[in-house]
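For reference, the structure is listed below as structure tokens.
The values are calculated or read from the model by the stated rules, or taken from the named source; none is laboratory data. The structure displayed is predicted, hence computed values, not measured ones. As a convention, Cβ positions derive from the backbone with ideal geometry for all residues, glycine included, and neighbour counts pool all protein chains shown. Calculation scope for accessible area: heavy atoms of the full protein, side chains included, ligands and nucleic acids excluded. Shrake-Rupley method; radii C 1.70, N 1.55, O 1.52, S 1.80 Å.
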Amino acid sequence: MKDYLTANKKWWNNVTPIHARSKLYDLEEFKKGKSSLVSVEQEEIGEVKGKTILHLMCHFGMDTLSWARKGAIVTGVDMSDNSIRLAKKLSREIKVPAKFKCCDIYNLPNVLNEKFDIIFTSYGVLCWLSNINKWAKIINHFLKKGGMFYIVELHPFTNILSFDFKIFYKYFKKGPYTDDSDGTYTDWSAPVKGITYEWSYTMSDVINALIKEGLKIEYVHEFPFTMYDQFPGFMEQNEKGHYVLKNKRIQIPLLFSLKASK
Ligand SMILES: C[S@@+](CC[C@H](N)C(=O)[O-])C[C@H]1O[C@@H](n2cnc3c(N)ncnc32)[C@H](O)[C@@H]1O
């Protein structure tokens, strides 16, 4: 069996410094106090002051620290050691307390012994999960009774589309599939090479995994906009800074959010 985790970890370690220098992440503005959270999750999650948040797959912690700036008591988890090293450095630099753990999400119950009011995860996480049911188990394990799980993510429907906006992939494909394309989503011309192993889940895969764990789905929302230039050449930014399709006759879901309670 291939060591998917090692390959993916290597890729994420390589792209972390590129992301940290990118316009998309805009670390300089973040350090001056700008939140990296966008309107969708801020409005839907609401007040977090005094609440404990577990942020799964936090990359280098900008969103984790943004929740902490709003008064939450945060723990960020990611398997990339370069990301977690940078997250800890940022926390010290901006003087915002946070805990960060470098860990494969599936190993987390072996290294973290706490329950949380809120579990949060966002934008570009599902495709890295080798087992969606095990993921839901992890969420249930770390959620307090009465707690909230919240995800905002690229809509699974967009998995069928190629970069040049053609229907190309199977909605019902399963992973792992390999991706050896050059570059990364902050800069497609960046000198990044390497193979990643990814998975694909349908909307019902995600919902049913959480239901199987006994969590109550409070809502699923679908949005006709997204937060980055997912299909370069086919998208434009609107007055709110959201990326929408240039061709207004095409109306497809680009993002979804889901809230579940325990
Ligand atoms: C697209 S990023 C996270 C999105 C975040 N919203 C952001 O933009 O910063 C995906 C993250 O998942 C992490 N990741 C991938 N597979 C993982 C795993 N098995 N366990 C923990 N973290 C993982 C990667 O290291 C990466 O930092």
statement: Over the stretch 47-71, the set of residues farther than 19 Å from Arg85 by Cβ and crowded, with 24+ Cβ neighbours inside 10 Å is Ile53, Leu54, Trp67
message: With the requirement that a residue be part of a loop (DSSP other than H, G, I, E, B), closer than 15 Å to Thr158 by Cβ and at pLDDT 95 or above, what does the stretch 248-262 give you?
response: Ile252, Pro253, Leu254
query: Counting just the residues of the stretch 20-45 that are open to solvent by 30 Å² or more (accessible area, probe 1.4 Å) and among the small types (Gly, Ala, Ser), which one comes out modelled with the lowest pLDDT?
result: Ser39
field: Residue that is farthest from Lys137 (Cα to Cα), among those in the stretch 92-108 that are touching a strand residue (DSSP E or B) at 6+ places or on another chain (Cβ under 7 Å) and more than 9 Å from the ligand (Cβ to nearest atom)
entry: Ala98
field: Answer from Lys89, Lys10 - the residue that is more than 15 Å from the chain's Cα centre (by Cα) and away from the ligand (no atom under 13 Å from the Cβ)
entry: Lys89
query: Do we find that Asp182 is in contact with a helix residue (DSSP H, G or I) (Cβ under 9 Å, 6 or more places away or on another chain), within 27 Å of Ala20 (Cβ to Cβ), of a type in the set (D, E, K, R) and open to solvent by 40 Å² or more (accessible area, probe 1.4 Å) in this structure?
result: no
